[in-house]
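The values are calculated or read from the model by the stated rules, or taken from the named source; none is laboratory data. Owing to the predicted nature of the structure, the values given are computational and were not obtained by experimental measurement. Here the Cβ is made from the backbone with ideal geometry for all residues, glycine too, and neighbour counts use every protein chain on show. Just so you know, the surface numbers come from the protein's heavy atoms only, side chains and all, with ligands and any DNA or RNA stripped out. Shrake-Rupley method; radii C 1.70, N 1.55, O 1.52, S 1.80 Å.
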Amino acid sequence: MTSGNDMQSLAVTGVQALSPYQPGKPVDELARELGLDPKSIVKLASNENPLGPADSALAAARDALTELTRYPDGNGYYLKQSLCKRYGVKPDQITLGNGSNDVLEVITRCFVAPGDDVVYSQYAFAVYPLVTQAIGARGVSVPAVDYGHDLDAMASAVTDRTKLVFVANPNNPTGTFHGKAAIEAFLDRIPSNVLVVLDEAYCEYMEGDVTSDLPDGLDLLPRYPNLIVTRTFSKAWGLAALRVGYSICSPEITNILNRVRQPFNVDSVAMAAATAVLGDEEYLRKSCEINARGMKQLESAFAELGLDYIPSAGNFISVDVGPNASGINQSLLEQGVIVRPVGGYGMPNHLRVSIGLPDENARFIDALKVALGRAEA
Ligand SMILES: *Cc1c(COP(=O)(O)O)cnc(C)c1O
């Protein structure tokens, strides 16, 4: 008989040191705990699209159900064709993933060996340290400046041991981002034998009024053969449940990624829905519009309450509620509002709030006032 502890020692070294990714609390779980109707709960915890899925995506998904006995198209022909048309790239530059997290993991497994260095920022997306440690590589976390990536310091942290650098633009959970000039200056400093993953999970939201210096990783690909851009259908495209993401990079890197990727890693219903929504400009426009509105709604509420927040280019915002953040989070939960504590990111005083529909944002703001003891009688 092998005891639990012995099992622990059987795991590879990197995995022994890992703690599991903490997802946002599911609505049904909180509903069960509190004995509440799930419909009365507001979840603003996982940066999901509050609009619900696009009709175009739903119709395509339903049509695809008739083929459930068949394996999906392992090459993702139609989805890749749509991505090519929209973004002006070639199919041999695209790697599809079961969510972009899948692609981030495949990239790391292809290019990073135990003992190599992977560079990322303090407060960066949790999946970067996770995939790095799982393979026994060394994560180099570079101190942030004002919660954002310090790209200069990150470039300086690259050594002979570095195989990969992760840059999230905008970053989650901070919402911080860099413009095109800063990203270019950074890429100019990275040796061509070090890969850079530019994670643009929230790029669709930036097409608004965030900056005139909009970064677009795809524009940079021709000049930087070591660049890999990753994107997802989970956020602005509203398909988080279906798990579709992708990378775009050189055909040479793509060829390597496709050797390690599981052949049927994206299912046919998911691909059909993603292909359909990619042509749905109206859905994307609405998603961005509702996000911009909700962002203003939360920013002005925080300002009114005298709370500091980190200006965000994503579909979420992190707000400093002080040292009692976990008590405030508990009060929000008891009022049926789920947000995301980010103590695990080293931000114990912040809560990350995803932008919801106007009435969901209002529910959160009211609950926050109660939690802070500032509700008007
Ligand atoms: C949400 C998110 C992703 C996307 O994850 P999926 O696996 O595509 O759902 C990737 N990177 C960042 C920074 C994110 O916040």
Conditions (1) away from the ligand (no atom under 15 Å from the Cβ); (2) over 23 Å from Thr13 (Cα atoms): number failed by Phe111
(2)
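With the condition being surrounded by fewer than 17 Cβ atoms within 10 Å (Cβ to Cβ) and either at pLDDT 95 or above or away from the ligand (no atom under 16 Å from the Cβ) (or both), I'd like the helices (runs of 4 or more DSSP H) fully within the stretch 215-278 carrying at least 1 qualifying residues. Full working, then the answer.
Details: elements: 217-220, 251-260, 268-277.
Hits in the stretch 215-278: 217-220, 251-260.
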List the pairs whose first member sits in the stretch 245-256 and is within 22 Å of Met271 (Cα to Cα) and in the same structural domain as Asp219 (by TED's automatic domain parsing), whose second member is within 16 Å of the ligand (Cβ to nearest atom) and open to solvent by 20 Å² or more (accessible area, probe 1.4 Å), and whose Cβ atoms are under 9 Å apart, counting only residues at least 6 apart or on separate chains?
Gly245/Asn98; Gly245/Asn101; Gly245/Asp102
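Taking Ser326, is it under 24 Å from the mean Cα position of the chain (by Cα), among the hydroxyl-bearing types (Ser, Thr, Tyr), open to solvent by 20 Å² or more (accessible area, probe 1.4 Å) and closer than 26 Å to Pro20 by Cβ? If you could, list the steps in order and put the result at the bottom.
Working: under 24 Å from the mean Cα position of the chain (by Cα): yes; among the hydroxyl-bearing types (Ser, Thr, Tyr): yes; open to solvent by 20 Å² or more (accessible area, probe 1.4 Å): yes; closer than 26 Å to Pro20 by Cβ: yes.
Against the criterion (under 24 Å from the mean Cα position of the chain (by Cα), among the hydroxyl-bearing types (Ser, Thr, Tyr), open to solvent by 20 Å² or more (accessible area, probe 1.4 Å) and closer than 26 Å to Pro20 by Cβ), Ser326 qualifies.
Tally up the residues in the stretch 29-76 that are in contact with a strand residue (DSSP E or B) (Cβ under 8 Å, 6 or more places away or on another chain), within 16 Å of the ligand (Cβ to nearest atom) and not acidic (Asp, Glu), please.
In the first step, residues of the stretch 29-76 are kept if they are in contact with a strand residue (DSSP E or B) (Cβ under 8 Å, 6 or more places away or on another chain); the result is 30, 41-48, 50, 76.
When the remaining residues are screened for being within 16 Å of the ligand (Cβ to nearest atom), the result is 43-48, 50, 76.
Add one more test, that the residue is not acidic (Asp, Glu), and what stays is 43-47, 50, 76.
The number of residues fulfilling the criteria is 7.
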I'd like to know if the stretch 291-310 contains one or more residues that are in a loop (DSSP other than H, G, I, E, B), touching a helix residue (DSSP H, G or I) at 6+ places or on another chain (Cβ under 9 Å) and either under 17 Å from Asn98 (Cβ atoms) or not aliphatic (A, V, I, L, M) (or both).
yes
State the number of residues belonging to the stretch 16-49 that are open to solvent by 60 Å² or more (accessible area, probe 1.4 Å) and in a helix (DSSP H, G or I).
7
With (1) part of a helix (DSSP H, G or I); (2) within 27 Å of the chain's Cα centre (by Cα) as the list, and Gln8 as the residue in question, which single condition is left unmet?
(2)
Just to be sure I understand the filter: pairs with C-beta atoms under 8 Å, separated by 6 or more residues or on different chains, first member in the stretch 91-113 and farther than 18 Å from Asp267 by Cβ, second member of a type in the set (A, V, I, L, M, F, W, C) and within 11 Å of the ligand (Cβ to nearest atom). Which pairs pass?
Leu104/Val127; Leu104/Phe166; Leu104/Val197; Ile107/Val197
The number of residues in the stretch 279-300 that are open to solvent by 10 Å² or more (accessible area, probe 1.4 Å) and touching a Leu at 6+ places or on another chain (Cβ under 8 Å) is 3
Between Glu252, Glu200, Glu207, which is out of contact with any helix residue (DSSP H, G or I) (no Cβ under 9 Å at 6 or more places or on another chain) and acidic (Asp, Glu)?
Glu252
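Can you say whether Val127 is in contact (Cβ under 8 Å) with a residue 60 or more places away in the chain and closer than 30 Å to Tyr309 by Cα, as far as the supplied structure shows?
On the way: in contact (Cβ under 8 Å) with a residue 60 or more places away in the chain: yes; closer than 30 Å to Tyr309 by Cα: yes.
Here the answer is yes, as Val127 does meet what is asked.
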Could you tell me how many of the residues in the stretch 188-214 are at pLDDT below 95 and either surrounded by fewer than 18 Cβ atoms within 10 Å (Cβ to Cβ) or more than 15 Å from the ligand (Cβ to nearest atom) (or both)?
8
Return the pairs, sorted by first residue and then second, in which the second residue is open to solvent by 70 Å² or more (accessible area, probe 1.4 Å) and of a type outside the set (Gly, Ala, Ser), the first residue lies in the stretch 323-343 and is in contact (Cβ under 8 Å) with a residue 24 or more places away in the chain, the beta carbons are less than 7 Å apart, and the residues are 6+ apart or on different chains.
Ala325/Pro348; Ser331/Val370; Gln335/Val370; Val337/Arg363
